[in-house]
Amino acid sequence: MAGAYDRCVIRIREPHPWPSTEPEAEAIQEQLRSLVRTDTAPAEVRTAAGLDVDYREESDELVAAVTVLDVASLSVVDTAVVTGKAEFPYVPGLFAFREAPPLLRALEKLSAAPDVLVCDGQGLAHPRRFGLACHLGILTDIPSIGVGKTAMGRYEPPGEERGAWSPLRMDDDIVGRALRTQRGVKPVFVSVGHRYTLEAACDLVLRLAPRYRLPETTRTADHLARRQT
DNA sequence: GCGACAG
DNA sequence: ATCTTGTCGC
């Protein structure tokens with residue numbers, strides 16, 4: 001997937017070959033992690049993109065879908081779908097090397113860059129602090145956050161009410177939050193990807209999830225990928 | 001050695 | 001991710 005870099009919506013760094021082995025992939029994560037910025041969030045977030053990949057049959061056929069939502073109305077204003085084949089196995093910690101290439105190809109098809117990427121997975125809540133959301137944020141230079149359905153770190157259950165949260169920890173770091181988006185449902189796991197703050201990320205997720213556990217960005221992207229043939 | 005391990 | 005029944009709630 002060497003071409004992934006020159007297909008980005010916005011390219012910011014020197015291209016390098018896509019890895020074919022796990023040690024190579026880990027080295028790339030270690031190298032890129034220093035570029036992540038978590039000190040500021042966008043002043044205004046008008047549009048938010050949801051990204052999801054759906055897998056087909058037993059093969060490595062996949063469908064990558066991106067939906068862009070108007071944050072105020074939560075209506076879908078743009079979509080992109082791409083089909084392809086997985087070029088990297090699923091390895092916990094190396095998720096981005098499997099899903100980023102088709103997602104970048106889908107992002108390229110959007111008519112305009114969204115204000116934030118809401119990724120289906122982790123950002124800094126990652127063994128090397130460089131999950132999918134960080135990776136996509138760095139490659140596109142678009143602010144990004146990660147919203148995972150399961151945790152990679154340790155956490156105490158947050159309060160039962162919507163908006164309650166507790167720190168998500170890995171080793172000795174606070175890497176994200178377990179955030180309750182609806183009363184009586186399992187929390188989601190929010191972490192920063194790039195050019196965002198944890199506080200603003202949780203704020204955005206709550207705005208995107210007024211009714212269901214998962215943000216509308218994730219839900220619409222998931223539905224779009226799933227309804228493709 | 002054993003369990004854990006985003007999607 | 002996916003395999004899967006019934007069940008609860010809107």
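Since every read-out is calculated from the coordinates, none of them should be taken as a lab result. These figures come from a predicted structure and were not determined experimentally. Cβ atoms come from the backbone with ideal geometry, glycine included; neighbour counts cover every protein chain shown.
For this structure, a couple of remarks:
- Separation of the A:Ala113 and A:Glu30 label points, Cα + 7 Å toward Cβ, nm: 3.0 nm
- Cross-link partners for A:Lys109 among the lysines, with Cα-Cα distance under 20 Å and sequence neighbours closer than 8 places in the same chain left out: A:Lys85.
- Packing, taken as the mean count of other beta carbons within 10 Å per residue, orders the peptides A:215-227, A:31-43 from highest to lowest as A:215-227, A:31-43.
- Anisotropy class of chain A from Cα gyration tensor, a/c 1.5 cut: rounded
- Burial ranking of peptide ranges A:73-82, A:169-178 (average Cβ count within 10 Å, highest at the top): A:169-178, A:73-82
- Spatial separation of Cα centroids for region A:127-151 and region A:170-207, in angstrom: 12 Å
- Tensor-based shape of region A:59-179 (alpha-carbon gyration tensor, a/c under 1.5 rounded, otherwise prolate or oblate): oblate
- Fully extended contour minus Cα-Cα distance, from A:Arg207 to A:Thr40, at 0.36 nm per residue: 58.3 nm
- Karplus 3J(HN,Hα) series, Hz, for region A:199-204 with 6.51 cos²θ - 1.76 cosθ + 1.60 (x for Gly, Pro): 4, 5, 5, 5, 4, 5
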